[in-house]
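Take this structure, written in structure tokens, and hold onto it; I'll ask about it next.
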Amino acid sequence: MRILAVDDDELILDLLRTVLGDTGFGVLTCATSAEQALELIDQADHEFDCFLLDIMMPGRDGIELCADIRRMSAYRRTPIIMITALTGHQHMERAFVAGATDYVNKPLNGLELGTRINIAGMLNQSLRREKENAALLADFMRDARTETADRIQIRGIDGVIDYLALENHLLRLPDGCFAMSVLAFELAGPQDLRANATEAEFVSIVRTAARAIADTLEGHNFLISYAGDGQFVGLCSGRHVVLHNVLQGRANELLAGSANPAVERLAPKLVVQAPSNQRLMTGRNALSVLSGYLRTRQLRQRKLAPPDDESARLFEAINYEISIKDS
């Protein structure tokens with residue numbers, strides 16, 4: 001496993017060399033600035049498998065470097081773990097928006113760091129197998145259309161992050177309940193869109209929809225992710241009431257006025273859903289609600305029986321009890 005660690009503190013780099021060397025994680029390359037890191041990436045004979053980036057560095061900080069790395073086609077999905085001594089959640093929200101996968105806190109704990117890198121390694125193996133399988137499929141199905149459910153990367157829009165990053169954000173929230181509303185924006189008739197749109201048109205519609213959703217939620221403290229199949233999920237933090245019909249009307253107004261030829265030709269619509277009416281949840285509770293919503297939607301698409309209304313109410317009640325106990 002090839003790891004690039006970037007930190008302006010030589011003591012931290014020495015600690016990383018010791019910890020990662022003792023645990024046998026492979027080849028560690030170190031840089032003391034974002035500029036040096038970009039040079040090493042450009043000159044590397046082989047791609048790096050994982051990045052460890054300190055957030056606070058002079059000049060370009062770790063979040064800016066994270067965004068630079070994500071703009072490189074070879075590293076759009078490579079695990080990026082942020083190293084931070086900061087306690088404010090706004091910094092990690094910026095990091096997740098920039099494309100970070102996970103984070104560890106200073107002072108570094110060798111066991112925690114090893115666990116995070118192990119997870120990154122497993123993710124890399126999964127991505128590598130996915131690339132290999134995709135190459136094999138391409139040999140046999142060169143004329144087949146590419147499946148786009150989970151492969152559309154959306155960058156450069158504030159508040160829009162990868163689904164894995166959204167999961168990590170919710171899992172890493174401190175213990176206790178938070179005022180938040182979970183949301184879902186669905187592109188109406190995604191299967192019909194795919195049937196009538198080219199691959200490039202469908203991708204452009206998804207990205208335009210992401211921009212419309214983000215602009216609709218401007219002024220809210222929100223995080224939104226594309227979960228595949230024309231579905232966006234996320235959350236708005238705060239005690240204000242989210243009016244779904246107002247959001248839906250504004251999002252469709254912005255989508256229709258986007259000047260995207262594919263949108264003009266196919267006229268897609270965004271439908272706003274409320275996966276839960278709870279407005280006070282733990283991070284794990286919110287993630288459970290979003291995961292349950294996506295699973296139920298997949299069952300419906302496959303024409304399998306979704307949970308009945310009574311089961312759904314019971315599931316939500318159990319989640320609410322869990323959130324209270326967690327707090």
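The values are calculated or read from the model by the stated rules, or taken from the named source; none is laboratory data. A quick note: this is a predicted structure, and the numbers were derived from the prediction, not measured. Here the Cβ is made from the backbone with ideal geometry for all residues, glycine too, and neighbour counts use every protein chain on show.
Looking at R71, is it under 22 Å from Y226 (Cβ atoms) and in contact (Cβ under 8 Å) with a residue 60 or more places away in the chain?
Numbers: under 22 Å from Y226 (Cβ atoms): yes; in contact (Cβ under 8 Å) with a residue 60 or more places away in the chain: yes.
Yes; evaluated as a whole, the condition is true for this residue.
Could you list all residues from the range 89-125 that are in a loop (DSSP other than H, G, I, E, B) and either aromatic (F, W, Y) or out of contact with any Gly (no Cβ under 9 Å at 6 or more places or on another chain) (or both)?
So in the range 89-125, the residues in a loop (DSSP other than H, G, I, E, B) come out as 99-101, 106-109.
If the condition is that a residue be in a loop (DSSP other than H, G, I, E, B) and either aromatic (F, W, Y) or out of contact with any Gly (no Cβ under 9 Å at 6 or more places or on another chain) (or both), then G99, T101, K106, P107, L108, N109 are the ones that fit.
Next question. Would you confirm, using the coordinates I've provided, whether S225 is among the hydroxyl-bearing types (S, T, Y), assigned to a strand (DSSP E or B) and touching a helix residue (DSSP H, G or I) at 6+ places or on another chain (Cβ under 9 Å)?
On the way: among the hydroxyl-bearing types (S, T, Y): yes; assigned to a strand (DSSP E or B): yes; touching a helix residue (DSSP H, G or I) at 6+ places or on another chain (Cβ under 9 Å): yes.
Taking the combined requirement at face value, the residue satisfies it.
Now for a separate question. I'd like to verify a number: residues in the range 182-220 that are part of a helix (DSSP H, G or I), within 17 Å of L247 (Cβ to Cβ) and not polar (S, T, N, Q), how many? First the steps, then the outcome.
Our first condition is that a residue be part of a helix (DSSP H, G or I); within the range 182-220, this holds for 190-196, 199-216.
Among the residues that remain, those that are also within 17 Å of L247 (Cβ to Cβ) are: 208-216.
Now restrict to residues that are not polar (S, T, N, Q): 209-215.
Summing the residues that are part of a helix (DSSP H, G or I), within 17 Å of L247 (Cβ to Cβ) and not polar (S, T, N, Q) in the range 182-220 gives 7.
A further question follows. Name the one entry in I119, I81 that is among the aliphatic types (A, V, I, L, M) and in contact with a Lys or Arg (Cβ under 8 Å, 6 or more places away or on another chain). So that I can check it myself, show each step before the final result.
Numbers: I119 fails: in contact with a Lys or Arg (Cβ under 8 Å, 6 or more places away or on another chain).
Among I119, I81, only I81 is among the aliphatic types (A, V, I, L, M) and in contact with a Lys or Arg (Cβ under 8 Å, 6 or more places away or on another chain).
Tally up the residues in the range 74-93 that are within 15 Å of V104 (Cβ to Cβ), under 16 Å from the mean Cα position of the chain (by Cα) and touching a residue at least 60 places away in the same chain (Cβ under 8 Å), please.
So the answer is 1.
Could you check the range 10-88 for strands (runs of 3 or more DSSP E) lying wholly inside it with 1 or more residues that are surrounded by 17 or more Cβ atoms within 10 Å (Cβ to Cβ), in contact with a helix residue (DSSP H, G or I) (Cβ under 9 Å, 6 or more places away or on another chain) and of a type in the set (D, E)? Working first, answer last.
Values: elements: 27-31, 50-54, 80-84.
Those strands (runs of 3 or more DSSP E) span 50-54.
Need the failing condition index for L20 against (1) at pLDDT below 90; (2) farther than 28 Å from S73 by Cβ, just the number.
Unmet condition: (2).
What residue, among those in the range 238-251 that are in a helix (DSSP H, G or I) and touching a residue at least 24 places away in the same chain (Cβ under 8 Å), is surrounded by the fewest Cβ atoms within 10 Å (Cβ to Cβ)? Spell out how you get there, then give the answer.
Taking the range 238-251 as the starting set, the residues that turn out to be in a helix (DSSP H, G or I) are 244-251.
The next check asks that each one be touching a residue at least 24 places away in the same chain (Cβ under 8 Å); those that pass are 244-245, 247-248, 250-251.
Details: H244: 16, N245: 8, L247: 19, Q248: 17, R250: 19, A251: 23.
Among those that are in a helix (DSSP H, G or I) and touching a residue at least 24 places away in the same chain (Cβ under 8 Å), it is N245.
Scan the range 166-189 and tell me whether some residue there is crowded, with 19+ Cβ neighbours inside 10 Å, at pLDDT below 90 and among the small types (G, A, S).
The answer is no, given that none of the residues of the range 166-189 is crowded, with 19+ Cβ neighbours inside 10 Å, at pLDDT below 90 and among the small types (G, A, S).
Taking the options R129, R145, name whichever one is modelled with pLDDT of 60 or more and surrounded by fewer than 12 Cβ atoms within 10 Å (Cβ to Cβ). Explain how you work it out, then say what you get.
Details: R145 fails: modelled with pLDDT of 60 or more.
R129 is the lone residue from the list that is modelled with pLDDT of 60 or more and surrounded by fewer than 12 Cβ atoms within 10 Å (Cβ to Cβ).
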